[in-house]
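Notes follow once the structure below has been shown.
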Amino acid sequence: AQSVTQLGSHVSVSEGALVLLRCNYSSSVPPYLFWYVQYPNQGLQLLLKYTTGATLVKGINGFEAEFKKSETSFHLTKPSAHMSDAAEYFCAVSDLAGNNRLAFGKGNQVVVIP
Amino acid sequence: DGGITQSPKYLFRKEGQNVTLSCEQNLNHDAMYWYRQDPGQGLRLIYYSQIVNDFQKGDIAEGYSVSREKKESFPLTVTSAQKNPTAFYLCASSMLGSTEAFFGQGTRLTVV
C-alpha cells in the first residue's frame with residue numbers, strides 16, 4: 001500500500017525566507033504525487049502534481065517540487081515566503097495511474113513570521 | 001459555476017443519532033470520495049464510488065454508510081455506530097483516469 005511521510009507538524013518560516021516542506025513516499029508502483037494546500041475551514045486546493053515527464057514541477061503561488069525517485073521524495077519549496085502562505089500543506093500519493101484513491105501525509109501547518 | 005457543494009458547513013449531532021452529510025457535484029465526474037480529517041492525522045478515506053450504484057470501503061468505513069443513486073450525489077451517513085464522529089469531513093470528485101481530484105469546502109461535524 002502507498003503511504004506518505006511528512007515530518008514536523010508545524011513549520012515556522014520568516015517572511016521572505018525559503019519555504020521547504022519535506023515529503024517522502026512509499027509505493028510499489030510508479031507514483032503519482034501531489035501537494036495540496038488548505039486554508040482554515042476550507043477544502044483542499046491542488047498546488048502541483050507529478051505524473052510523468054519532467055521531475056521539477058511548478059505550481060501555483062510560486063511553489064515548486066522535485067520528484068527524486070532515488071530518494072523517494074517530493075519536497076515542496078518556495079524561494080520567498082509571503083504572509084498569505086500561512087496554511088496547512090498536504091502531500092499525497094495515488095495508488096494507481098488515474099486512480100484518485102489518495103493516501104495523504106499528516107500535513108504541515110506553516111506559520112509565517114513577519 | 002461548476003464545483004462540489006457540501007452542506008451543511010457546520011453540523012451538530014446528539015450522541016446516538018444518525019446524521020447525513022450532503023455532497024453534490026456538477027462537474028460530470030464519475031468518481032466521488034469521502035475523507036475524514038482530524039487534527040494532525042491528515043485525511044483518511046472513508047468510502048469511494050467510481051460509478052452509479054457502486055461504492056467501495058476505504059480505510060475507515062466502520063460506522064459510516066453511503067449511497068450513489070445519482071452521478072451528481074454521494075451522501076454520507078454517520079451512524080450511531082461511529083464512536084468518535086467529531087471531525088471535518090471532505091468530499092471530492094474526479095474523472096476516471098484523471099490525476100486530479102477536486103474537493104468541496106467541507107462539513108464540520110460536532111457531537112454534543
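The values are calculated or read from the model by the stated rules, or taken from the named source; none is laboratory data. Remember, it's a predicted structure, so these values are computed and weren't measured experimentally. Cβ sites come from the backbone with ideal geometry, for glycine too, and all protein chains shown count toward neighbours. SASA here: full protein model, heavy atoms, side chains in, ligands and nucleic acids out. Shrake-Rupley method; radii C 1.70, N 1.55, O 1.52, S 1.80 Å.
Just the number, please: Stokes-Einstein D of region A:3-114 in µm²/s, Kirkwood Rh from C-alpha pairs, 37 °C, 0.692 mPa s. Estimated via Stokes-Einstein, D reaches 234 µm²/s.
What do you get for Rg/Rh of the protein assembly as shown when both radii come from the Cα atoms and Rh is the Kirkwood radius? Looking at the protein assembly as shown, the ratio lands at 0.97. The 1.4 Å probe gives accessible areas that order A:TYR39, A:TYR25, largest first, as A:TYR39, A:TYR25.
Bridgeable aspartates and glutamates around B:LYS71 (alpha carbons under 16 Å apart, same-chain partners fewer than 8 residues away excluded): B:GLU24, B:ASP30, B:ASP54.
Working note: Karplus 6.51/-1.76/1.60 with θ = phi - 60° gives region B:34-46 the couplings 10, 10, 10, 10, 10, x, x, 10, x, 10, 10, 7, 9 Hz, where Gly and Pro are set to x.
Which whole-number percent is the relative contact order of chain A (Cα, under 8 Å, 6+ apart)? RCO, chain A: 38 percent. Computed on region A:52-114, the Cα convex hull volume stands at 115 Å³ per residue. The listed residues A:HIS82, B:HIS29, A:HIS10, once ranked by accessible area (1.4 Å probe) with the largest placed first, stand as A:HIS10, A:HIS82, B:HIS29. Summing +1 for each Lys or Arg and -1 for each Asp or Glu among the other residues whose beta-carbon sits under 9 angstrom from that of A:ASN61 gives 0. Other protein chain C-beta atoms within 10 Å of residue C-beta, averaged over B:99-107: 6. Note down the net charge around B:LEU45, summing +1 for each Lys or Arg and -1 for each Asp or Glu among other residues with Cβ under 12 Å from its Cβ. Here the count lands on +2.
Tally Lys and Arg at +1 and Asp and Glu at -1 over the other residues with C-beta under 14 Å from the C-beta of B:LYS70: what net charge comes out? Overall, the nearby charge balance is -3. When the accessible area of chain A is computed with all protein chains present and a 1.4 Å probe, what percentage of it is carbon and sulfur? Carbon with sulfur: 54 percent of the solvent-accessible area.
Legend: residues B:THR5, B:THR99, sorted from most to least accessible area (1.4 Å probe; ligands, DNA and RNA excluded), read B:THR5, B:THR99.
One equal scatterer on each Cα of chain B, no solvent, Debye formula: the resulting log10 I(q)/I(0) at q = 0.10, 0.13, 0.19, 0.21 Å⁻¹ is -0.25, -0.43, -0.93, -1.13.
In summary, the lysines within cross-link reach of A:LYS58, defined as a Cα separation below 21 angstrom excluding same-chain residues under 8 places away, comprise A:LYS49, A:LYS68, A:LYS69, A:LYS78.
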